[in-house]
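Below: one structure in structure tokens.
The values are calculated or read from the model by the stated rules, or taken from the named source; none is laboratory data. Please read these numbers as outputs of a predicted model, since none were measured by experiment. Virtual Cβ from ideal backbone geometry, glycine too; neighbours counted across all protein chains shown. What goes into the accessible areas is simple: the full protein's heavy atoms, side chains included, and nothing from ligands, DNA or RNA. Shrake-Rupley method; radii C 1.70, N 1.55, O 1.52, S 1.80 Å.
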Number of protein chains: 2
Amino acid sequence: MAALVQNLHRSNVEHLVRQAVYQRLGKPLPKLAAAPNALVVNVSARHCHLTQEAVEALFGKGHQLTVHKWLYQEGQFAARETLTLIGPRSRVISNLRILGPCRTLNQVELAYTDGIALGFDLPLRLSGDIKGTLGCMLMGPSGFFEMAEGVIRALRHVHMSPEDASFYGVKPGGEMRLKIGGPCGLALDKMLVRVDKSFKLEVHIDTDEGNACNLQPETPCELLA
Amino acid sequence: MAALVQNLHRSNVEHLVRQAVYQRLGKPLPKLAAAPNALVVNVSARHCHLTQEAVEALFGKGHQLTVHKWLYQEGQFAARETLTLIGPRSRVISNLRILGPCRTLNQVELAYTDGIALGFDLPLRLSGDIKGTLGCMLMGPSGFFEMAEGVIRALRHVHMSPEDASFYGVKPGGEMRLKIGGPCGLALDKMLVRVDKSFKLEVHIDTDEGNACNLQPETPCELLA
């Protein structure tokens, strides 16, 4: 039970409690409480995705990424391994987290604040769409790996299942809005909708967006079509 | 003329051109074009305000702040002088810009991203309302100055004249919304209204907010009551 509770996100618990309370009171569920799944909003700090080839260049032949922390999306994890990014003006970001498992391309996702500190003019791209973007040098304990391209600011997006998409009335590639409450609340426009049977309902924003509104676990969030 | 144009903000020029174009076309002005003043939105990078006493402790007896760049509000300037902030865990921010002229209190305004890097849990405060906040150590070329309190994230706010307040139908201490367009646009809620006869219409947001939406000089912005 303890393990199960640990794996439940706060938003899921709130969603379940809200549904139970309305049922007990014999009242109809408000629209959001009737949603098939709880909305989880997570801040992605800067990170990178690597190919197995890059992992081996950086951490040694045959090296496999190891799990530091499982992420909310099934099978995704923050690796124990981190590396150093060297930018075009020899400025450096240390302890850049690698997300696993390995992919078929190398991609570094930074916030604009990071880009300004590094001297990168970051393009805003959908994850995976890295053609023509700037590259950088990566340094690991066993060597260097030069990325010819792939340093981006990722477009804000929401992962969802077809069931969620149908509830919200949105289509893959469409756009939604995310309202975030609290004393410095805001509403993020143009959140890209990504739909897959395997996806859990989750919004990914970066540290600039999360810090602009001081997003905390208890901050109320609402997804609008 | 060159000097005059240099001092005009892009938004002021656009506002004047918009009004002239509608007049030429003989069309009625849309509401925003009829506003008494152009809206200017500026990002405040981290900075501090100091008393003359603190300036002298840091830069030497009798030292006066010198002007690096005039700001949009009359008489306000970014000083040439910068200093080093030392946080509670001995982490440091170098080249912290001082804004002049001197005030009657010492205050450091950081973004949450800066606070996280430093290990500060920043309170969200109206500028000047620093009672009970954390302090820090400041280091200048001539010495140290210990601030007992005054490290904050400043509440987002808009400066305006009574004429602007009347146009937008808002009162001092009220709240407005700022819509910012572009490919990663957003709307900032709870922008505090500050009214004074001497104020030019200007929104101040911090680097987290400015980078969340990649605010550029040409990004469209709209102020909503």
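Hey, any hits in the stretch B:165-173 for a residue that's out of contact with any helix residue (DSSP H, G or I) (no Cβ under 6 Å at 6 or more places or on another chain), buried (at least 22 other Cβ atoms within 10 Å of the Cβ), over 30 Å from B:Leu8 (Cβ atoms) and of a type in the set (Gly, Ala, Ser)?
no
Right, here's the next one. Let me confirm something: among A:Thr104, A:Thr82, which residue is among the hydroxyl-bearing types (Ser, Thr, Tyr), open to solvent by 50 Å² or more (accessible area, probe 1.4 Å) and modelled with pLDDT of 95 or more?
Within the list A:Thr104, A:Thr82, the selection yields A:Thr104.
Name the residue that is nearest to B:Pro88 (Cα to Cα), counting only residues in the stretch B:151-163 that are buried (at least 22 other Cβ atoms within 10 Å of the Cβ) and more than 9 Å from chain A (Cβ to nearest Cβ).
B:Val151
Let me ask another. Could you check A:Ser94 against (1) within 13 Å of chain B (Cβ to nearest Cβ); (2) surrounded by 16 or more Cβ atoms within 10 Å (Cβ to Cβ); (3) touching a Ser or Thr at 6+ places or on another chain (Cβ under 6 Å); (4) in a strand (DSSP E or B) and say which number it fails?
Exception for A:Ser94: condition (2).
Report the residue count in the stretch B:185-204 for those that are under 16 Å from the mean Cα position of the chain (by Cα) and facing another protein chain (nearest Cβ under 8 Å).
Selection size over the stretch B:185-204: 2.
Further question: So the check is Cβ under 9 Å with 6+ separation or different chains; which pairs have a first residue in the stretch A:128-140 that's over 17 Å from A:Ile98 (Cα atoms) and β-branched (Val, Ile, Thr) and a second one that's part of a loop (DSSP other than H, G, I, E, B) and open to solvent by 60 Å² or more (accessible area, probe 1.4 Å)?
Qualifying pairs under 9 Å: A:Ile130/A:Glu149; A:Thr133/A:Glu149.
With the checklist (1) within 14 Å of chain A (Cβ to nearest Cβ); (2) open to solvent by less than 20 Å² (accessible area, probe 1.4 Å) in hand, flag the one item B:Gly182 doesn't pass.
(2)
Working only within the stretch A:107-130, note down all residues that are of a type in the set (Val, Ile, Thr) and either at pLDDT 95 or above or surrounded by 21 or more Cβ atoms within 10 Å (Cβ to Cβ) (or both).
A:Val108, A:Thr113, A:Ile130
Of everything in the stretch B:19-48 that's touching a strand residue (DSSP E or B) at 6+ places or on another chain (Cβ under 8 Å) and open to solvent by less than 50 Å² (accessible area, probe 1.4 Å), which residue is farthest from B:Gln216 (Cα to Cα)?
By that ranking, first place goes to B:Cys48.
Count, please, the residues in the stretch B:145-190 that happen to be touching a residue at least 12 places away in the same chain (Cβ under 8 Å) and not in a strand (DSSP E or B).
23
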